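The values are calculated or read from the model by the stated rules, or taken from the named source; none is laboratory data. From a predicted model like this one, the values you see are computed outputs, not experimental measurements. So basically every Cβ, Gly included, is an ideal-geometry build from the backbone, and we count neighbours across all protein chains shown.
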Amino acid sequence: MSNLDVIISDGDVLYSAVDTVSDSISGLKTAITPVYDTSGTNTNMNPMAVELPVIGSSLSQMVGADKLLSIGDYIQRYIGNEADFASLTAPVYGATGQPSLKGMLGYLQDNWLLELGIAKEALQLITTDEGVRITFADIFEIDSEVTLRFDEAVEDYYLSIDGEVTANIGVALDVAFDIAIDWAAGDFDFNLHRLNFDAQAQIDDIDLTASLGPLAVSIGDVDRETGSLILALSGRVEQTTSGLSVVKTRDEFKLDLPVYAELGSLDLAAGKNTSFNRRGQPFWRQCFLVDAEF
């Protein structure tokens, strides 16, 4: 952008456009974010908000879609909505004491992009014949750390697992969107051009203790065979007239949990192949398969 700057003054057409479009982006984020009741149950059944089996994280959280759409929250905080977004960094307006377009760009670069770990150059403010466009485009990677819920994998077999395993899910992202504002007419648009994701995780050293009634059970054993997990989720998020939807291109999950049981000093697993093997498509929960070998 040139040296031109424009004050975003409460009550004018520009303020109304910025307020409305940022509020709509925050609404998109809310629609794909898990919502928990007092018992800790997720009540949001949006496909992007539902927690994936065993992974214990929603797709929106895993691929960072919620953080990307939090640009709407940050814009709201910048233009003065402290009541709803008090947890975000307070803006400093400078000499004018009022929000402005260039000030908003700097605030987003210093706060929203910082949360994502992305360089400032990915976000630009461009003047057009009609007004301005805020553009974002970048190819980057994020890491999502999740606590795996192995109880879900073995709950039908009355195993009680002690301890937990965390998985680091690496996600490659290719994202581009813009916010177009016509400051004369007060028109605005949020345009998601692409949000492509490729999430991968692999664990080869699962070793947990568990119990089955009076039996001491080990899920994996470093001296024999440890458990393993492979996750691959790829696809894209698309903008529709009714919100955001997901088109998957890869949806794979493999979980192998060898089981070793002892009763006192007696090794009940000696010479036997005992394991829980799960295969399926975690994004489509109804296709999640279970196979147990004893």
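A compact table of results
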read-out	value
Which numbered condition Ala184 fails, given (1) farther than 19 Å from Lys248 by Cβ; (2) surrounded by 14 or more Cβ atoms within 10 Å (Cβ to Cβ)	(2)
Residues located in segment 24-75, provided they are part of a strand (DSSP E or B) and touching a Phe, Trp or Tyr at 6+ places or on another chain (Cβ under 9 Å)	Asn42
Top-ranked residue in segment 234-256 [being within 21 Å of Gly170 (Cα to Cα) and of a type in the set (A, V, I, L, M); ranked as modelled with the highest pLDDT]	Val237
Residue in segment 110-152 that is surrounded by the fewest Cβ atoms within 10 Å (Cβ to Cβ), counting only those that are of a type in the set (Gly, Ala, Ser) and under 16 Å from the mean Cα position of the chain (by Cα)	Gly117
Yes/no for Glu225 being free of Cβ contacts under 8 Å to residues at least 40 places away in the same chain and in a loop (DSSP other than H, G, I, E, B)	yes
Residue among Asn46, Asn81 that is under 17 Å from Val246 (Cα atoms) and of a type outside the set (Val, Ile, Thr)	Asn46
Candidates Asp223, Asp174, filtered to the one that is surrounded by fewer than 18 Cβ atoms within 10 Å (Cβ to Cβ), among the acidic types (Asp, Glu) and at pLDDT 95 or above	Asp174
Some residue of segment 236-252 being β-branched (Val, Ile, Thr) and free of Cβ contacts under 8 Å to residues at least 12 places away in the same chain	yes
